[in-house]
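Enquirer: Below you'll find the structure I mean.
The values are calculated or read from the model by the stated rules, or taken from the named source; none is laboratory data. Please read these numbers as outputs of a predicted model, since none were measured by experiment. A quick note on method: Cβ atoms are made from the backbone with ideal geometry, for glycine too, and the neighbour counts reach across all protein chains shown. Only protein heavy atoms, including side chains, enter the accessible area calculation; ligands, DNA and RNA are left aside. Shrake-Rupley method; radii C 1.70, N 1.55, O 1.52, S 1.80 Å.
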Amino acid sequence: MADPVRNEKPKPDFRLMDLNFWCRLQMISHWDIKKQKLFIAMARIDDERDYMEDMLEFLLPSKTLLISENPYDSYQEFRDPILQFEYETLVSKYPKQIDLLDLKSINIEINLKSPPFQRRRRLTTQQFQGFVEKWIKSEANPKFKTIVIHADSREVEEYYQEKILDGLLYQQLPNDWTCESFPRGPFSREYMTDNGIYEVQREADGQKAVVCFQSFAKVVLWKFFVA
């Protein structure tokens, strides 16, 4: 006997943000951290920008912000609603625009590798140098601890080390120098090549920080961290 024809309409997709504040809070509070992260990275709705802003407003204060894609057309649109907040850790992949001085995060990780067929928007040596210089003059986020920038060797300017260090007062450290706050990366340091480690000092209080350049195969890493 054939099943009767069902006239039921398909159920609409569940939209967490359509719930009121307290219902959302109760639902998310029962999720484990993996499910919460999966929801933030993979959820899709018609307007990604409104979604990002709504979720930030709902979840702040947030410890970690991972941006895998930037739906904003201009840097101003991206900076005002997203970068105005302070995060413990900010991870940005394939950034369309970035200004290091706008980042209030304590720990920052940036992947500069461009996706296929996308116009490259490089983070320049001048921007990185400017960030270090602002830190020396106490004009960067006072809570800042580390920044790690990953790039393909083809994505960075030639003689980037000299350009970044130009105009900075620094002391060169031996390549085997290390400390507890030395940022870890995707590869163990024993597999990395240290291409220069340099110490700088904050003028106001004498706090020291380190600029480190490393490479592995075709990967180039710029690291700056408070020692």
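Enquirer: Not counting ligands, DNA or RNA, and with a 1.4 Å probe, what is PHE144's accessible surface area in Å² rounded to the nearest 10?
Expert: It works out to around 10 Å².
Enquirer: Right, something else. Using the alpha-carbon centroid of each, what span in Å lies between the range 168-182 and the range 87-114?
Expert: 23 Å
Enquirer: Round to the nearest 10 and report in Å² the accessible area of LYS137, as given by a 1.4 Å probe over the protein chains' heavy atoms.
Expert: Only protein atoms counted, so the area is about 100 Å².
Enquirer: Just how much of TYR75 is accessible, in Å², when a 1.4 Å probe is used and the result is rounded to the nearest 10?
Expert: In the full protein context, TYR75 sits at about 50 Å².
Enquirer: Right, another one. Hey, could you pull the Cα Rg and Dmax for the range 166-227, both in Å?
Expert: In order Rg, Dmax, the Cα atoms of the range 166-227 give 12.1, 39 Å.
Enquirer: Multiplying the sequence separation of ALA227 and LYS63 by 0.36 nm and subtracting their Cα-Cα distance, what value in nm do you get?
Expert: That works out to 56.9 nm of additional length.
Enquirer: Extension gain ASP73-ARG154, at 0.36 nm per residue separation less the Cα-Cα distance, in nm?
Expert: In short, 26.7 nm is gained.
Enquirer: Count neighbours as other Cβ atoms within 10 Å of each site's Cβ, and list the GluC sites (Glu not before Pro) in the range 152-227 that are DSSP loop with at most 15 such neighbours.
Expert: Answer by residue number: GLU157, GLU158, GLU180, GLU203.
Enquirer: Hey, with R₀ at 35 Å, roughly what FRET efficiency would ASP80 and GLN207 work out to, going by the Cβ-Cβ distance, to 0.05?
Expert: It comes out at approximately 0.70.
Enquirer: From the phi of every residue in the range 72-82, what ³J(HN,Hα) in whole Hz does the Karplus formula 6.51 cos²θ - 1.76 cosθ + 1.60 yield, where θ is phi - 60° and glycine or proline is x?
Expert: 7, 7, 10, 5, 4, 5, 6, 6, 5, x, 10
Enquirer: Another one. Length gain on complete extension for the stretch GLN161 to PHE216, per 0.36 nm per residue less the alpha carbon to alpha carbon distance?
Expert: Numbers: separation 55, 0.36 × 55 = 19.80 nm, distance 1.60 nm.
Net length gain for the segment: 18.2 nm.
Enquirer: What nm value, rounded to one decimal, do you get for the distance between THR193 and ASN141 when each label is placed 7 Å out toward the C-beta?
Expert: With each label placed 7 Å out from Cα toward Cβ, I get 3.3 nm.
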